[in-house]
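Student: I have a structure I would like to understand better, so I am pasting it below and will then ask my questions one at a time.
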Amino acid sequence: MTPHRFSVASLFVLLLCIATVYSAILPRQASSAKSSSSRISSSKASSSSKALSSSRVSSSSRASSSSKVSSSKVSSKVSSSSKASASKITSASISNPRTGSTTSATPSVSGAYSIPQKDAAPSKRADAITSKRNNFQYGPPVAGGPAFPNGTLGNTLVSNDISSLQAETNKQQSASSSDTASANADISKYNGLKTLDDYTLLYDDEWTATLSQGPIRGILANYTQDLLFSMERLSFSPYQIRRLNSSKDKLNFQVDDKIAKNITGMTLQQLFTSGRLFYSDYRDQAKLKTTTNGARYSAAVDAYFYINQTSGNFLPLAIRTNQGGSLVYTPADTRDDWLLAKIMYNVCDLWFAQWEHLARTHEVVQIVYMAAIRTLSDTHPVKALLDRLMYQVFAIQPLAASILFAQGGAVDISFPYAYDAAQEYSTGYYFNRSGAFQSNYFLTDLKNRGLINSTTGPALKNFPFYEDASVIYSAMRVFMTSFVGSYYSADSEVLADKEIQAWVKECNGAAKVIDFPAAIAKKDTLVDVLTHMAHLSSTAHHTVNTNELISASATLPFHPHSLYQPAPKQKRSVSNLTTFLPPFEKAQEQIQINALFSRNYLAGTNRTLSHMFDDATMLSKMNANTKTAAATFKSAMDSFSSKVKGRKFDTKGLSQGMPFVWQALDPNVMPFGVTV
């Protein structure tokens, strides 16, 4: 067990050493920037990613050599570091590094924020922007995706964000260290993980420092239920499922008519033509380079789900493995075969959710914000608002490069594919789907996938992600509408704002933002952009990451990072499902990795979503309408938080139509900002 515990303990050290690792990357960025233009094409991004891949190994090796200490020493180092900063995690002391009074990278802004046409010193303002452009540049990608900050100011902002993240995560590292020691103190309590239910013992009075309430209610007790499996696609993993439209889609695999009718009351074709059939596709994972660090496996599944014509429930119909015997499993198969099929699906789904969300959220807001830094004055209210929303945004890619996508990192020791395959997978999604700005607007994306306002088939009876996220999204849009309206009395004023127009040009030019609006000539368009930035940096992210991993989406036995046997070549060949699950050391390793991303200790502080716009420094320079709008938003979020906290099972054992209680989007628990 010692080697496995050491591997994850090394992650703690790597996290503490991010600044050191990143400092090795910066000189390469600066050198690259001198020899290339700031316009980063996708092909250049790809070549930069390859170059960075080799540098990551080097950086990782340096970090690893510095971390060759015993587990007890690591624990001591993390613990002592945490003690020094634990008191800092209070509602009174957390501030945004670009609006706070002590860590701003640029001179503090005096007076009120203003749009440029109302600035008393326009030439001075323009000169300051020019200076920023000279000192904040586009460097090569870090951890894939779009360009990453470079230049004197860029490097300073990155360093500030890394320092802020380190200070904030010390408490979680201490909790994880304590939980790890406790979980390994008496391994006899887990019965050797001989049965599936033995895996639930891994959470029995364990991991309480990280997760005081334990995994979400129902997720361990009801994991064999088909309704739990299907509703996970409509709650904490909602980004892949789509409704099939018979007028433009096709059926990618067949299910025997007799089997389909016995399960659903309809044939596959009838489900398809009636708009009741949904599809999820992970076949692209078959092309990924598999890990060479241990025997870990996956399938490359695709699957059908459907709306039952009697109950209206959203349920699974069939899962095709596309590996081994490329078998098609349905609920008509044996209990073990069908349960294994769902586990294989979850392995693919977890891989997708973690690396796709990096592209969908972190990388999109990062590049749009970089364009804003280069074009908007620090006295512009939109720039100030983005500063607040982009809390710690530049710390994430260095963290991904040094902890996730590095040799010996989380992917390398726990997932089925090679560490560099994860970065390539994420980058592929950024450039080919998830990086698109307007196409992934909250409501637009759900409509395009037929999940809301569908032109075919019945509506989903329950859609928890939409139900919760729409409350928050609507409140964000109300705030943004008031904010924009308070600074621009008419659309013509938006068009006359030279800095906003420069931002649009920058996004569509040097920054190469994908699918950014070609023009911002109306207030509503600016509201759309800002609301999307707020959504991506909060609800879109925290649905699949942060607290969700250890509490729901990566809980065992139903959600392993990897399979530990290849996909079967024939049905009824599995005598013990636990042989496909991680052994004890790897199971603990999985939980430890997921614990690193938890931020439950921020609950109730001013780092939560309720306080997204509640920054005293920022609001002191905003107008009265914006201050009122911020208070209105906080009140709405506090009210919604009370509703979410009060959720429980109904008389049917369901909450929001699910056999588990989902509270991920509680505004007084989840943070504002993309965090990790």
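Student: Residue 582 - would you say it is under 30 Å from residue 185 (Cα atoms) and in contact with an Asp or Glu (Cβ under 8 Å, 6 or more places away or on another chain)?
Tutor: yes
Student: Evaluate the stretch 167-176: report whether one residue or more is among the hydrophobic types (A, V, I, L, M, F, W, C) and in a helix (DSSP H, G or I).
Tutor: yes
Student: Go over the candidates 471, 513 one by one and state the one that is over 30 Å from residue 312 (Cα atoms) and in contact (Cβ under 8 Å) with a residue 40 or more places away in the chain. Steps first, answer last, please.
Tutor: Numbers: 471 fails: over 30 Å from residue 312 (Cα atoms).
Answer to the check: 513.
Yes or no, residue by residue, for (1) more than 30 Å from residue 670 (Cα to Cα); (2) surrounded by 15 or more Cβ atoms within 10 Å (Cβ to Cβ); (3) in contact with a Leu (Cβ under 8 Å, 6 or more places away or on another chain):
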{"position": "221", "(1), (2), (3)": "no, yes, no"}
{"position": "242", "(1), (2), (3)": "no, yes, yes"}
{"position": "264", "(1), (2), (3)": "yes, yes, yes"}
{"position": "267", "(1), (2), (3)": "yes, yes, no"}
{"position": "282", "(1), (2), (3)": "no, yes, no"}
{"position": "289", "(1), (2), (3)": "yes, no, no"}
{"position": "304", "(1), (2), (3)": "yes, yes, yes"}
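Student: For the stretch 156-167, check the following and say yes or no: at least one residue is closer than 17 Å to residue 592 by Cα and either modelled with pLDDT of 95 or more or of a type outside the set (A, V, I, L, M) (or both).
Tutor: no
Student: Got at least one residue in the stretch 599-608 being out of contact with any Pro (no Cβ under 8 Å at 6 or more places or on another chain), within 26 Å of residue 347 (Cβ to Cβ) and either aliphatic (A, V, I, L, M) or in contact (Cβ under 8 Å) with a residue 40 or more places away in the chain (or both)? Reasoning before the result, please.
Tutor: So the first thing to find is which residues in the stretch 599-608 are out of contact with any Pro (no Cβ under 8 Å at 6 or more places or on another chain), and the list is 600-601, 603-606.
Within this subset, residues satisfying the condition of being within 26 Å of residue 347 (Cβ to Cβ) are 600.
Going one step further and asking which of them are either aliphatic (A, V, I, L, M) or in contact (Cβ under 8 Å) with a residue 40 or more places away in the chain (or both), we end up with 600.
Within the stretch 599-608, one or more residues are out of contact with any Pro (no Cβ under 8 Å at 6 or more places or on another chain), within 26 Å of residue 347 (Cβ to Cβ) and either aliphatic (A, V, I, L, M) or in contact (Cβ under 8 Å) with a residue 40 or more places away in the chain (or both).
Student: Test of understanding: among 210, 224, which residue is closer than 28 Å to residue 575 by Cβ and at pLDDT 95 or above?
Tutor: Among 210, 224, only 224 is closer than 28 Å to residue 575 by Cβ and at pLDDT 95 or above.
Student: Continuing with this model, one more query. Scan the stretch 282-296 and give yes if some residue there is assigned to a strand (DSSP E or B) and free of Cβ contacts under 8 Å to residues at least 40 places away in the same chain, otherwise no.
Tutor: In the first step, residues of the stretch 282-296 are kept if they are assigned to a strand (DSSP E or B); the result is 290.
Pick out the ones that are also free of Cβ contacts under 8 Å to residues at least 40 places away in the same chain and you get none.
Taking every residue of the stretch 282-296 in turn, none turns out to be assigned to a strand (DSSP E or B) and free of Cβ contacts under 8 Å to residues at least 40 places away in the same chain.
Student: Further question on the same structure: Given the structure, is residue 628 touching a helix residue (DSSP H, G or I) at 6+ places or on another chain (Cβ under 9 Å) and under 19 Å from residue 478 (Cβ atoms)?
Tutor: Answer is yes for this residue.
Student: Another one. Regarding residue 515, is this residue of a type in the set (Asp, Glu) and part of a helix (DSSP H, G or I)?
Tutor: Here the answer is no, as residue 515 does not meet what is asked.
Student: Within the stretch 237-281, how many residues are in a loop (DSSP other than H, G, I, E, B) and of a type outside the set (S, T, N, Q)? Quick ask: steps written out before the conclusion?
Tutor: Going residue by residue through the stretch 237-281, those that are in a loop (DSSP other than H, G, I, E, B) are 237-241, 244-256, 265-267, 274-276.
From the residues that got through so far, the ones that are of a type outside the set (S, T, N, Q) too are 238-239, 241, 244, 248-251, 253, 255-256, 265-266, 275-276.
Qualifying residue count, the stretch 237-281: 15.
Student: To continue, here is another question. Under 7 Å between Cβ atoms, which residue pairs at least 6 apart in sequence (or on different chains) link something in the stretch 302-322 that is outside the structural domain of residue 279 (by TED's automatic domain parsing) with a partner that is assigned to a strand (DSSP E or B)?
Tutor: Listed pairs, sorted by first residue: none to list.
Student: Could you figure out which of (1) within 23 Å of the chain's Cα centre (by Cα); (2) over 25 Å from residue 573 (Cα atoms); (3) charged (D, E, K, R) isn't true of residue 249?
Tutor: (1)
Student: Closer than 19 Å to residue 234 by Cβ, without any contact (Cβ under 8 Å) to a residue 24 or more places away in the chain and either assigned by TED's automatic domain parsing to the domain that holds residue 386 or not small (Gly, Ala, Ser) (or both): does that describe residue 452?
Tutor: yes
The values are calculated or read from the model by the stated rules, or taken from the named source; none is laboratory data. Bear in mind that the values here come from a model prediction, so they are computed numbers and not experimental data. When we count neighbours, we look across all protein chains shown, and the Cβ atoms used for this are built from the backbone with ideal geometry, even at glycine.
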